[in-house]
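A short reminder: the numbers here are calculations on the coordinates, not readings from a lab. Treat the numbers as computed from the prediction; the structure is a model and nothing was measured. Using ideal geometry, Cβ is built from the backbone for each residue, glycine included, and neighbour counts are taken over all protein chains shown.
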Amino acid sequence: MSVPTVAADRSICAPLPVLGRDVTVPLVTGGEAGYAALDYAASAPALQRVWDDIAAYAPYYGSVHRGAGYLSQLSTDLFENSRRTVADFLGCRPEGDQVVFTRSTTDSLNLLAAVLPAGCEVFVFETEHHASLLPWRDARVTYLDAPRTPAQAIETLERALAGRDPYGPALVCVTGASNVTGELWPVRELAAAAHAHGARIVLDAAQLAPHHPVDIAELDVDWIAFSGHKLYAPFGSGVLAGRADWLRDAEPYLAGGGASRQVARRADGGVDVEWHTTAARHEAGSPNVIGVYAIASACQALTEAGFEGLVAREEALIAEVRAGLAEVPEVRVLSLFGDDAPRVGVISFVVEGWNSSHFAAALSAEYGIGVRDGLFCAHPLVRTLLGSDAQDPGECGAPEGEPGERSLNAIRVSFGAGTPEEHVRRFVRAVRELVRDGAQWKYRTEGGRCVPDRGTAQL
């Protein structure tokens with residue numbers, strides 16, 4: 001298999017500087033190693049640019065929308081300018097779209113669930129992350145089976161929508177890139193199918209936006225949700241962007257200061273409230289201006305770096321990792337759409353004869369490599385891919401079993417714009433050595449996780 005290398009292609013950019021790139025961690029076998037952060041799909045490290053922008057602003061921090069002083073006015077301008085930056089990054093339509101700041105993708109989709117019109121039907125594939133699978137508790141939900149090709153995804157959705165009430169409101173929720181397999185979904189085609197049947201569509205772009213340009217108008221989706229902590233801005237903020245009408249017509253997601261324009265007592269002792277019709281309607285309370293500015297800074301940094309070079313570089317890293325794993329017969333990479341499907345830098349796999357928690361613990365303790373093991377907050381999808389009817393192992397992502405037992409979970413390696421080539425090469429080498437030679441240390445289960453047994457000698 002021919003694998004492109006970063007050095008061989010001048011169109012591929014260098015990794016973007018991120019915090020933690022010089023961090024070293026201790027190894028149980030002695031000494032230290034530079035930490036290889038390969039868990040970007042959970043939380044990506046902050047871009048150095050984001051950190052520098054936040055540090056420069058920090059002395060000028062003040063209340064937003066609430067003060068006449070200079071720092072308050074500066075912070076308010078920063079907050080609203082950040083909203084415009086995010087709108088530009090997402091290609092929001094100048095007429096009718098709003099950018100609402102939330103805490104995360106999960107919060108964004110729960111906000112959208114809270115503003116659904118009465119009687120709204122929701123259609124969601126079982127392959128979704130729990131953030132987009134679970135918020136629709138007050139709607140009529142149709143869960144769609146996992147498709148095995150992009151074409152089958154479109155056919156499945158069209159078939160489900162054809163049987164719905166054509167006069168009632170409906171919403172389709174779909175991921176842009178799987179947080180388990182990294183595979184890209186046919187968003188534009190699914191949006192066309194939704195609109196053809198009178199439904200709206202929301203795109204969970206948590207795993208897509210950090211890796212590819214996302215344009216709400218080009219994709220023709222109604223809303224986009226994503227998180228700052230996936231987008232190199234881990235300061236507890238998220239975005240819901242898109243059509244304003246359902247947001248404007250619903251009761252505020254949270255009631256409180258900032259969401260209200262006027263509040264007055266009535267003669268009967270009650271209270272009359274006039275709510276904002278702008279994004280502020282769903283942003284009650286003092287906003288997370290640091291988190292919002294971090295997202296805007298990350299959007300600018302990625303735009304200036306150029307997605308063409310970032311995508312080309314990531315595709316080279318994906319090819320290198322997949323080629324390396326393919327050389328280890330005991331490794332099975334999980335996939336819905338097959339080896340040729342386009343994807344982002346998210347790869348999940350299992351290793352024959354290994355408990356996934358044991359394998360991930362050994363990567364960390366013996367090689368200084370951070371990955372994730374478990375069900376990745378996408379339990380139905382991972383169980384479908386594993387072909388397992390195993391019982392829920394408990395808390396999201398928690399492993400089960402002792403070292404060496406058959407894995408009921410998977411291992412996920414994920415990377416992005418800040419990943420050095422050396423990190424993915426060390427990962428591939430470590431997988432090969434662990435499968436061939438076994439772990440160098442003994443491990444035990446503690447609190448549901450495999451951890452090095454500090455009380456035993458080296459094997």
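At-a-glance table
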item: Per-residue ³J(HN,Hα) for the stretch 186-201, Karplus 6.51 cos²θ - 1.76 cosθ + 1.60, θ = phi - 60°, Hz, x for Gly and Pro; result: x, 4, 4, 5, 5, 5, 4, 5, 4, 5, 5, 10, x, 9, 9, 9
item: Size of electric dipole in the chain: Cβ of Lys, Arg +1 and of Asp, Glu -1, about Cα centre, debye, nearest 20; result: 580 debye
item: Alpha carbon convex hull of the stretch 49-304, projected area averaged over orientations, nm²; result: 15.2 nm²
item: DSSP-defined beta bridges in the stretch 49-304 - what % are antiparallel, rounded to 5; result: 50 percent
item: Ranked list, fewest to most other Cβ atoms within 10 Å of each Cβ, for E304, E433; result: E304, E433
item: Dipole magnitude (debye, nearest 20) for the stretch 49-304, charges at Cβ of Lys, Arg, Asp, Glu; result: 500 debye
item: Most positive-pole-ward Cα, A33, W246, V64, against dipole of the chain from beta carbon charges; result: V64
item: Approximate shape of the stretch 277-333 as ellipsoid semi-axes (Cα gyration tensor, √5λ), whole Å, largest first; result: 40, 17, 9
item: Cα-projected label distance for T24 with T303, points at 7 Å along beta-carbon direction, nm; result: 4.0 nm
item: Charge dipole of the chain about the Cα centre (unit charges at C-beta), most positive-ward option of N110, L133, A365; result: A365
item: Length gained when the stretch E327-L254 is fully extended (0.36 nm per residue, less Cα-Cα span); result: 21.1 nm
item: Packing-based exposure ordering (other Cβ within 10 Å, fewest first) of W354, W51; result: W51, W354
item: Calculated P(r) tail over 13 Å for the stretch 34-74, as whole % of Cα pairs; result: 67 percent
item: Most to least packed among 95-103, 121-129, 421-429, 261-269 [average Cβ atoms within 10 Å]; result: 121-129, 95-103, 421-429, 261-269
item: Options S260, I154, S178, ranked by Cα towards positive dipole end of the stretch 49-304, top entry (Cβ charges); result: S260
item: Space enclosed by the convex hull of the alpha-carbon atoms of the stretch 1-132, per residue, Å³; result: 279 Å³
item: Antiparallel bridge percentage (DSSP; both residues within the chain; nearest 5); result: 65 percent
item: Protection-proxy order for peptides 197-206, 76-85, each taking the mean of Cβ atoms within 10 Å per residue, highest first; result: 197-206, 76-85
